[in-house]
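So the structure is just underneath, and the comments pick up after that.
Coordinate-derived values only; no laboratory data. Since this is a predicted model, take the numbers as computed values, not measurements. Ideal geometry is used to build each Cβ from the backbone, glycine not excepted, and the neighbour counts take in all protein chains shown.
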Amino acid sequence: MNPGINLQSSDREIISDFLEGNRSSFNYLVLKYQKKVYWVIRRLVVDHDDADDITQEVFIKLYRSLQEFRGESSLFTYLYKIAVNYSLNHLKKNKKKYERERNMDSESIDLQDDSKNAEAAMSDAYNERLLKEAILVLPEQQRAVFTLRFYDELSYDEISKILDRSVGGLKANYFHAFKKIQAFLTEKKKKGLIDL
């Protein structure tokens, strides 16, 4: 056990200390990555409570599997992979719940009074809400690729390592996701809900 381990220590040093028996050094990994992992998950599942629960599951999985981590990729790539897989599994299990929420969000937007809310509807928050709603329409795989590329600005090579998919397939997923989002927003424009 290394008494000099702290938040500035490298991932390898922290992992090594953890594997030597200092279980409390795992807390440094949580402090380093919890917020990043949460936001990866949150962008995929949208709901805060679900994202919070999945984040905890990801770190429990990391705690239990850290001795198997070989260091072939960075620890963050490894965490990303766990986070995305858990999120996609969650989305598959709760597909009906998310479809209901998406339909309710869509209805609430459609019922707005256009004359009074025209300026408010064009606010950044409103546009962000529409983008999130559009992302919810995407199949899980496209949602993951779009989110990792658009929000997290990861390269296709990085996404390929996380999702175990070919770069060509990922590019196709991103292209289709982009087109679906574009079609969704165009439909909202036709209804007069946004001005593209």
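Please compute the length gained on full extension between residue 190 and residue 157, using 0.36 nm multiplied by the number of residues separating them and subtracting their Cα-Cα distance.
8.2 nm is the gain from fully extending residue 190 to residue 157.
Among all the lysines, which ones have a C-alpha under 20 Å from residue 161's C-alpha, if same-chain residues fewer than 8 places away are not counted?
Once the sequence-local lysines are set aside, what remains near residue 161 is 36, 61, 81, 171.
Calculate the length of the line joining the C-alpha centroid of region 156-184 to that of region 1-45, in whole Å.
29
What is the fewest-to-most order of 12, 42 by other Cβ atoms lying within 10 Å of their Cβ?
Starting with the residue having the fewest Cβ neighbours, the order is 12, 42.
Once the Cα atoms of region 21-70 are picked out, what are the Rg and Dmax in Å?
11.7, 37
Counting Lys and Arg as +1 and Asp and Glu as -1, what is the net charge of the other residues whose Cβ lies under 10 Å from the Cβ of residue 25?
My count for the surroundings of residue 25 gives -2.
Testing the spin-label approximation: label points 7 Å from Cα along Cα→Cβ at residue 16 and residue 61. State their distance in nm.
2.8
Report the full-extension gain for the segment residue 69 to residue 47: residue separation times 0.36 nm, less the Cα-Cα distance, to one decimal in nm.
5.0 nm
For region 64-95, list residues with backbone N below 20 Å from a point placed 7 Å from the Cα of residue 30 toward its Cβ?
Backbone N within reach: 64-69, 75-84, 86-87.
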